[in-house]
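See below for the structure under consideration.
The values are calculated or read from the model by the stated rules, or taken from the named source; none is laboratory data. Given the structure is predicted, the values throughout are model-derived calculations rather than measurements. Here the Cβ is made from the backbone with ideal geometry for all residues, glycine too, and neighbour counts use every protein chain on show. With ligands, DNA and RNA removed, areas are computed over all heavy atoms of the protein, side chains included. Shrake-Rupley method; radii C 1.70, N 1.55, O 1.52, S 1.80 Å.
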Amino acid sequence: MKQPFEQAVADHGAVVLRVCRAVVGPDDAEDAWSEAFLSALRAWPELPDDANVRAWLVTIAHRKAIDVRRAQARRAIPVEALPEQPTRHEDGPEGALPDDALWSALAGLPDKQRLCVAYHHVAGLPHADVAGLVGGTAAAARRAAADGIAALRRTYLLDGVSSHV
Amino acid sequence: MSDRVIEALGRKSATDDVVLESLRERLLARAADDALVDVTYRTVDSPVGRLLVAATDAGLVRVAYESEDHDHVLASLATSIGSRILKNAKGFDEIARELDDYFAGRRRTFDVPVDLRLARGFRLEVLHHLQHIPYGSTESYGQVALAAGNPRAVRAVGTACATNPLPLVVPCHRVVRSDGTLGGYLGGLAAKEYLLALESAAA
């Protein structure tokens, strides 16, 4: 790619951050973002000029997110079930993320649904590209995204932002 | 109802910009540690407009006026030096301070290391000579041609000045026509006039 890398950060940094939050949760999102952009910077000159930069960055973020989730799994204390209440971050040093409830609701989805929602609805990739990342067919990716959205309507809208209705 | 979930997924949150700024700083620091950066840059305000300053590991490689179109300049740096270009919004303290001092009339020469890799051959010879034209004085294009080793290359001196990658720092504004008129300037004649007036007032 002949274009300055800074442009990729400016154009897609925010979306990739949200994708990372959706995939690995807000606590590890920044590490995943950092690893992804460092790796992207390294490979940038070899990227063809006509490449879809956002899709490429999301692909790298996807791989880094898998690494981060493996690390999470290694340090996680096994639990029987996911907590009912969304995790809150109000007391954290970074302050509250306004859409914490959204990430908690996403965390409650099965992996495939969560990834398909993240890559289609957060990153804006077509279902065929999403299928390329998560495996299976485009139709299956579409279905998983739809199931994920349906589940989020139940968990996020009811628990998370019911006060805004 | 579905729209509200989908909207929430695609919406940027208010704190994202703050987080992204710190992520960018972290990226820049790690990239620098791994020697992955070709060029860093930022802009600084000045009395002659917003200036782009860009550097490689070796030193300041480009200063550009707004009229040169900063995006265009960065795109051309990406082609000529490398596309691993990152903004360093909090860096460049030294050149920013030197420019401030210069425009305040407190500084006559720039001390930051420069990287002249964007100039070659005769143009580079010209730039080397320009670095020795003292603050507050001027030379004609013909005098510079002579000093750079090719007295007949007056037009080429004009081209070297017009393509000077480091205006201000390499003082091409001190080259004027032998009849005393200003000649051209890559930052515009108003800027050239301003700089010469600044230097003659402070000299």
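Can you give the accessible area buried between chains B and A, summed over both chains, with a 1.4 Å probe, in Å² to the nearest 100?
Values: alone 11640 and 9690 Å², together 18010 Å².
In total, chains B and A hide about 3300 Å² from solvent.
Any lysines with Cα under 26 Å of the B:Lys12 Cα? List them, leaving off those in the same chain fewer than 8 positions away.
B:Lys12 reaches A:Lys64, A:Lys112, B:Lys87, B:Lys90.
How much net charge surrounds A:Ile60 when only other residues with a Cβ under 12 Å from its Cβ are counted (Lys, Arg +1; Asp, Glu -1)? Mind showing how you got there, number by number?
Values: positive: A:Arg42, A:Arg54, A:Arg63, A:Lys64; negative: A:Glu35, A:Asp67.
In short, +2.
How large is ³J(HN,Hα) for each residue in region B:105-111, as worked out from phi by the Karplus curve 6.51 cos²θ - 1.76 cosθ + 1.60 (θ = phi - 60°), to whole Hz, x for Gly and Pro?
x, 9, 9, 10, 9, 9, 9
Among B:Val37, B:Val170, B:Val19, whose mean-square fluctuation peaks in a Gaussian network model of chain B (Cα, cutoff 10 Å)?
Answer for the Gaussian network model of chain B: B:Val19.
Once you sort the root eigenvalues of the Cα gyration tensor of region B:1-111 as a ≥ b ≥ c, which label holds: rounded (a/c under 1.5), prolate (a/b larger than b/c) or oblate (the other case)?
Values: a/c = 2.24, a/b = 1.86, b/c = 1.20.
Cα axes put region B:1-111 in the prolate bin.
For region B:105-154, what does the alpha-carbon gyration tensor say about shape, rounded, prolate or oblate, given a ≥ b ≥ c as the root eigenvalues, a/c under 1.5 as rounded, and a/b over b/c as prolate? Mind showing how you got there, number by number?
Values: a/c = 3.63, a/b = 1.30, b/c = 2.80.
Oblate is the answer for region B:105-154, as a/c is 1.5 or above yet b/c matches or exceeds a/b.
Would you give the gap between the C-alpha center of region B:114-158 and the C-alpha center of region B:9-50, rounded to a whole Å?
36
When only Cα pairs under 8 Å and 6 or more residues apart are kept, what is the percent relative contact order across region A:98-165? Let's see the in-between values first.
Values: 57 pairs, mean separation 25.4, N = 68.
Taking the mean separation of contacting Cα pairs over the length of region A:98-165, I get 37 percent.
Any number yet on Rg/Rh for region B:54-163, C-alpha, Kirkwood?
On the way: Rg = 15.4 Å, Rh = 15.6 Å.
On the Cα set of region B:54-163, Rg over Rh gives 0.98.
For region A:1-80, count the residues as N, evaluate 2.2 N^0.38 Å, and divide the Cα radius of gyration by that value, please. Present the calculation step by step, with values, prior to reporting the outcome.
Numbers: Rg = 13.7 Å, N = 80, 2.2 N^0.38 = 11.6 Å.
Output field value: 1.18.
For the protein assembly as shown, just give the cysteines left without a disulfide-compatible partner, judged by no other Cys Cβ under 4.7 Å.
Unpaired cysteines in the protein assembly as shown: A:Cys20, A:Cys116.
Using Cα atoms only, what is the angle between the long axis of helix B:121-130 and the major principal axis of chain B, expressed in degrees (0 to 90) to the nearest 10?
The helix B:121-130 is inclined about 80 degrees to chain B.
Would you mind telling me the antiparallel percentage of the DSSP bridges in chain B, rounded to 5?
Values: 10 of 16 bridges.
For chain B, the DSSP antiparallel bridge percentage is about 60.
So what J values fall out for region B:177-193 if you push phi through Karplus, 6.51 cos²θ - 1.76 cosθ + 1.60 with θ = phi - 60°, rounded to Hz, Gly and Pro as x?
Result, rounded to whole Hz: 6, 5, 7, x, 6, 6, x, x, 7, 5, x, x, 5, 4, 5, 4, 4.
Applying the Karplus parametrisation 6.51 cos²θ - 1.76 cosθ + 1.60 with θ = phi - 60° to the phi angles of region B:39-53, what ³J(HN,Hα) value in whole Hz is obtained for each residue in order, glycine and proline being reported as x?
These are the phi-based 3J(HN,Hα) values: 9, 10, 7, 7, 10, 10, 7, 8, x, 9, x, 6, 10, 8, 10 Hz.
Suppose we look only past 27 Å in the calculated P(r) of chain B. What percent of the Cα-Cα pairs does that tail hold? All intermediate terms of the calculation are to be shown ahead of the outcome.
Details: 7837 of 20503 pairs.
The proportion of pairs with Cα distances above 27 Å equals 38 percent.
Going by alpha carbons, how many degrees (0 to 90, nearest 10) lie between the helix axis of B:93-103 and the longest principal axis of chain B?
Roughly 40 degrees between the two axes.
The protein assembly as shown: D in µm²/s via Stokes-Einstein (Kirkwood Rh, Cα pairs, 4 °C, 1.567 mPa s)? Spell out each step's value before the answer.
Details: Rh = 23.7 Å.
Rounded to a whole number, D works out at 55 µm²/s.
Please find, in a Gaussian network model of chain B (springs between Cα atoms separated by less than 10 Å), the residue of B:Leu189, B:Leu20, B:Leu146 whose mean-square fluctuation is greatest.
Greatest mean-square fluctuation among the candidates belongs to B:Leu20.
Based on the Kirkwood radius over alpha-carbon pairs, what value in µm²/s does the Stokes-Einstein equation return for the translational diffusion coefficient of region A:98-165 at 20 °C and 1.002 mPa s?
Numbers: Rh = 12.0 Å.
Calculated translational D: 179 µm²/s.
Hey, what angle do you get for helix B:16-33 against the long axis of chain B, alpha-carbon based, 0 to 90 degrees rounded to 10?
60
Name the long-range amide H neighbours of B:Val61: under 5 Å, sequence gap of 5 or more, or other chain; modelled H, no Pro or chain starts.
B:Ala54, B:Ala55, B:Thr56, B:Asp115
Relative contact order for chain B: what percent, with Cα pairs under 8 Å and sequence separation of 6 or more? Before the final figure, lay out the partial values.
Numbers: 266 pairs, mean separation 36.7, N = 203.
With pairs under 8 Å counted, the relative contact order is 18 percent.
Once you sort the root eigenvalues of the Cα gyration tensor of region B:121-202 as a ≥ b ≥ c, which label holds: rounded (a/c under 1.5), prolate (a/b larger than b/c) or oblate (the other case)?
prolate
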